[in-house]
């Protein structure tokens, strides 16, 4: 890569970028900044006193099943 060349980092669907999305090739041949990382997206736990949640995977694209507590069934 030549001096001044910029690259842009993009994460796959379901992941979020942590850090700077672009880095530039500097005159000394070193890329600027620190390489970013892609982290899996997690949703917060859904709480309700009236249902029981079946499953514990809260990552992007997961499906949880809800069932009514016995007293609400």
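What follows is calculated from the coordinates using simple rules that are stated; it is not laboratory data. For clarity, every value in this text was computed on a predicted model and none was experimentally measured. Counting neighbours? That spans all protein chains shown, and the Cβs are built from the backbone with ideal geometry, glycine included.
Before moving on, here are some points about what is shown:
- The chain, relative contact order in percent, only Cα pairs under 8 angstrom and at least six apart counted: 24
- Take every pair of alpha-carbon atoms less than 8 Å apart whose residues are at least six positions apart; their mean separation over the length of the stretch 1-41 yields a relative contact order of 43 percent.
- Set of the stretch 29-54 residues, backbone N closer than 13 Å to the point 7 Å along the Cα-Cβ line of residue 11: 36-43
- One entry in (i) 114; (ii) 72; (iii) 81 is volume of the Cα convex hull per residue in Å³ calculated from the shown coordinates; its label is (iii).
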